[in-house]
Amino acid sequence: MQYRRLGSSGLQLSALSFGAWVTFGGQVGRTTARELIAAAWDNGINFFDNAEGYGHGAAESLMGDVIADLRLPRDGYCVSSKVFFGATEEPRPTQRGLSRKHVTDACHAALRRLRVDYLDLYYCHRPDPDTPVEETVWAMDALVRQGKVLYWGTSEWSVGQIREAHKVARQNHLVAPTMEQPQYNLLHRERVELEYAPLYAEYGMGATVWSPLASGLLTGKYNDGIPEHSRLADPSIGWLRGMVIGDPEQRRLERAREFTALAGEFGVAPAPLAIAWCLRNPHVSSVILGATRVDQLLQNLQALDILETLEEACWHKVRVVAS
Ligand SMILES: NC(=O)c1ccc[n+]([C@@H]2O[C@H](COP(=O)([O-])OP(=O)(O)OC[C@H]3O[C@@H](n4cnc5c(N)ncnc54)[C@H](OP(=O)(O)O)[C@@H]3O)[C@@H](O)[C@H]2O)c1
């Protein structure tokens with residue numbers, strides 16, 4: 001495993017981390033969840049990503065249960081939660097968003113479900129138009145000072161909103177956001193590479209990026225249709241299908257097919273190649289992987305070897321597909 005600093009902080013996260021979205025508390029049961037966390041840990045992964053909204057809290061409960069069962073040493077791993085969407089199907093106004101109340105309640109609930117005394121990373125899962133940024137920054141600062149959160153950050157905030165949070169923090173001597181959690185993959189690059197470009201140097205922010213395989217599209221598994229038991233075959237998350245395949249103008253499926261062919265030409269599997277491509281960006285602190293089976297996770301970990309060994313001429317060809 002390779003370890004990278006979370007932006008300019010002293011926290012060293014594994015360059016590949018593991019997340020629970022739609023899998024824990026949804027697609028996979030306890031036995032598989034336990035095997036996945038064990039395999040991740042055995043291969044040096046030290047960051048496990050979660051959110052109050054994943055399975056309405058069920059993903060956090062399952063992850064907390066499994067980590068406790070595996071007896072992972074608390075000082076050896078990092079765990080996150082995210083606040084915004086709420087942990088119930090129909091949240092009341094105080095059960096969602098980024099008000100001081102919900103940020104505080106959601107932190108306490110995540111600590112209970114994950115069975116930990118503190119969250120290593122705590123993200124604002126989306127910006128909240130109904131809460132002043134100042135209120136959220138004060139709430140996060142309070143949780144850090146209480147020892148319940150170590151590093152706080154944002155997920156899919158605009159660069160303007162992130163700047164505003166830093167301004168409030170600087171003016172009031174509060175703890176500022178350390179990291180963003182944006183989507184980043186070969187087919188979705190603009191925010192991480194262009195919009196956030198000033199944030200890395202100016203504020204020392206790190207990026208912990210999600211969906212490196214575009215929900216599996218970049219593995220080539222959807223090249224000839226939707227296989228049974230795959231994420232896009234799951235009717236409970238049918239809304240995702242349109243986003244992953246996209247509209248014809250975006251040519252997402254065609255580009256995935258081109259990318260898959262290229263991986264074949266290099267003699268590597270497409271999934272770890274796509275993940276290694278994310279790792280080549282020096283602003284990426286950690287690429288958050290998702291998997292429903294241990295063999296997927298093990299294949300994805302080959303990204304680290306590909307990163308070391310693939311020739312520059314090959315990366316040039318990948319860049320053409322990604323542009
Ligand atoms: N902050 C946010 O808003 C946000 C949003 C989304 C995700 N995230 C975080 O990022 C994590 C990763 O996102 P993601 O799950 O979308 O990542 P992803 O890598 O784009 O997709 C993972 C899915 O692709 C399939 N897959 C993975 N490896 C494969 C392989 N080698 N061969 C074939 N299929 C493979 C599996 O689905 P199937 O087996 O079901 O097909 C797996 O669950 C999440 O768990 C979550 O922690 C954050």
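What follows is calculated from the coordinates using simple rules that are stated; it is not laboratory data. Since this is a predicted model, take the numbers as computed values, not measurements. Note that we place each Cβ from the backbone using ideal geometry, even for glycine, and neighbour counts take in every protein chain shown.
Please give the charge dipole size of the chain, origin at the Cα centre, charges +1 on K and R Cβ atoms and -1 on D and E Cβ atoms. Round to the nearest 20 debye.
About 420 debye.
Place a label point 7 angstrom from the Cα of N223 along the Cα-to-Cβ direction, then list the residues of the range 283-318 whose backbone nitrogen is under 16 Å away.
From the range 283-318, the list is 318.
Can you give me the C-alpha center-to-center distance between the range 1-64 and the range 144-213, rounded to a whole angstrom?
So the two Cα centres are separated by 20 Å.
Hey, what angle do you get for helix 30-42 against the long axis of the chain, alpha-carbon based, 0 to 90 degrees rounded to 10?
80
May I have the extent of the alpha carbons of the chain along their three principal axes, as whole Å values ordered from largest to smallest?
Reported extents, whole Å, longest axis first: 54, 43, 37.
What are the residues whose amide H is under 5 Å from the amide H of L16, where those residues sit 5 or more places off or on another chain and H is modelled from the backbone?
Residues meeting the criterion, in which the H sits 1.01 Å from N, are Q2, V287.
List V144, V83, V22, V320 from most exposed to least, where exposure is judged by having the fewest other Cβ atoms within 10 Å.
Numbers: V144 17, V83 32, V22 20, V320 9.
The order, fewest Cβ neighbours first, is V320, V144, V22, V83.
If you stretched the chain out fully between M1 and T309, how much longer would it get, using 0.36 nm times the residue separation minus the C-alpha to C-alpha distance? Please report the intermediate quantities before stating the final value.
On the way: separation 308, 0.36 × 308 = 110.88 nm, distance 1.49 nm.
Answer, rounded to one decimal: 109.4 nm.
Between R71 and E190, what length comes free when the chain is fully extended (0.36 nm per residue of separation minus the Cα-Cα distance, one decimal in nm)?
Length difference between fully extended and current span is 38.8 nm.
How do the peptides 56-64, 110-118 rank, highest first, by the average count of neighbouring beta carbon atoms within 10 Å per residue? Don't jump to the answer; show the numbers that get you there.
Working: 56-64: 22.6, 110-118: 18.0.
Highest mean packing first, the order is 56-64, 110-118.
Mind listing the long-range amide H neighbours of V79? Cut-off is under 5 Å, sequence gap 5 or more, other chains count too, H placed in the peptide plane at 1.01 Å from N.
Sorted by chain and number, the residues that satisfy this are F48, D120, L121.
What is the spin-label model distance, in nm, from R112 to R319 if the labels are put 7 Å beyond Cα along the C-beta direction?
Placing both labels 7 Å along Cα→Cβ, they lie 5.2 nm apart.
Could you work out the percent of alpha carbon pairs in the range 253-323 separated by over 18 Å, rounded to a whole number? Don't skip to the end; give the middle numbers.
Values: 898 of 2485 pairs.
When every Cα pair of the range 253-323 is considered, 36 percent fall beyond 18 Å.
Based on the mean of other Cβ atoms within 10 Å per residue, sort peptides 232-240, 269-277 so the most packed one is first.
Numbers: 232-240: 12.2, 269-277: 24.6.
Result, highest mean first: 269-277, 232-240.
Relative to the longest principal axis of the chain, what angle (0 to 90°, nearest 10) does the C-alpha long axis of helix 312-322 take?
For 312-322 against the chain, the angle is about 70 degrees.
Can you give the extra length, in nm with one decimal, that the chain gains between R92 and D234 once fully stretched, where that is 0.36 nm per residue apart less the Cα-Cα distance?
Working: separation 142, 0.36 × 142 = 51.12 nm, distance 2.76 nm.
Here the segment from R92 to D234 would lengthen by 48.4 nm.
Give me the base-10 log of I(q)/I(0) for the range 158-291 at each q in 0.10, 0.16, 0.22 Å⁻¹, Debye formula, one uniform scatterer per Cα, rounded to two decimals.
Debye intensities relative to I(0), on a log10 scale: -0.40, -0.86, -1.28.
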